[in-house]
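Heads up, the thing below is written out as structure tokens.
What follows draws every value from the coordinates through simple rules; no lab data is involved. Please read these numbers as outputs of a predicted model, since none were measured by experiment. Backbone-built Cβ (ideal geometry, glycine too); neighbour counts: all protein chains shown.
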Amino acid sequence: MLKRGALSAGFALVLLVFPSVAGADAIEGDELFTYDSNAPGADPHGPFICGETNSFTLPKFDDTVKVFAFGQWRQRELVAVTVNVIGAARDGYILLDSEDPGEANAVLLTIGARLRVTSDTEPAPLVVITFPHDSNSGTMQPDSDGGADFTGSDSIAAVADGDTDANHATIDVAGDPGKQAPWVGAGEYVTWNFDANSHLFAEIRPAVEPEGLLQSPTYHLVAEVRYHWQVMPEPLTGVVVGIGGVAMLLRRRRRRTAHC
């Protein structure tokens, strides 16, 4: 059974209760929460400006939710926390205009943003991505107009146009109550912090110092927090099955003896 539902503005939950058997001794599943800064009602709502710090909240893992496993309703154990971040920058640009009347220049320009996402919870995953990789390369011809008008063959530009990039990080908390505790709590929330800086690169050959204009890009992000859980069979289950098997074997042997 797959249950989906929006829990509050700006994020959603997907609870995967289609457990899959891991090997032959564990049942596993995932609980997924999503924050989308571009979604209606998101708090906070993008776009965001490079240089600012913002935060959002997503629920903790609810260990009171049980699953039917190994013949009974069992509590789930949190084993890993993964955060996947998708970012997109837009509306930024870098413009260069040659003021050298002597020779042309080979130019490579790149513009984007460097985004960091982490939480106040320790230990916490840290995701760092640089997005997008909007680049432009070409020849900036010698100055032809005697001024920096940023048009014509003596100028070149790179523009952030909304391309996306993604990265993720995971922490393993299996079997460690100290690491599990900060992530577990019915009705409780984890605060996730994020910030970004403009990411710029310019290579000019031969090296000159042209006039330049820069507008830092704005950005949106989607953060997906996945809680991976498992249910292990109780050791007693194997003992009971073993005893039952021995009992059946003895019963068969008695029947064969009586028949003879």
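Miscellaneous remarks
- Exposure proxy order (Cβ contacts within 10 Å, fewest to most) of LYS66, LYS60: LYS66, LYS60
- Close amide H contacts of VAL173 (hydrogens built in the peptide plane, cut-off under 5 Å, sequence separation of 5 or more or a different chain): ALA80, VAL81.
- Between the amide H of ASP63 and those of GLY185, ALA186, distances stay under 5 Å, these residues lying 5 or more places away or on another chain, with hydrogens modeled in the peptide plane.
- Only the Cβ atoms of Lys and Arg (+1) and of Asp and Glu (-1) were treated as charged; on that basis the dipole of region 49-106 about its Cα centre amounts to roughly 980 debye.
- Listing TYR93, TYR35 from fewest to most neighbouring C-beta atoms within 10 Å gives TYR93, TYR35.
- Here the Karplus relation 6.51 cos²θ - 1.76 cosθ + 1.60, evaluated at θ = phi - 60°, turns the backbone of region 151-160 into coupling constants of 9, x, 6, 8, 9, 8, 9, 10, 10, 6 Hz, with x for every Gly and Pro.
- Distances between placed amide hydrogens fall under 5 Å for ALA42 paired with GLY10, all partners being 5 or more residues away or on another chain.
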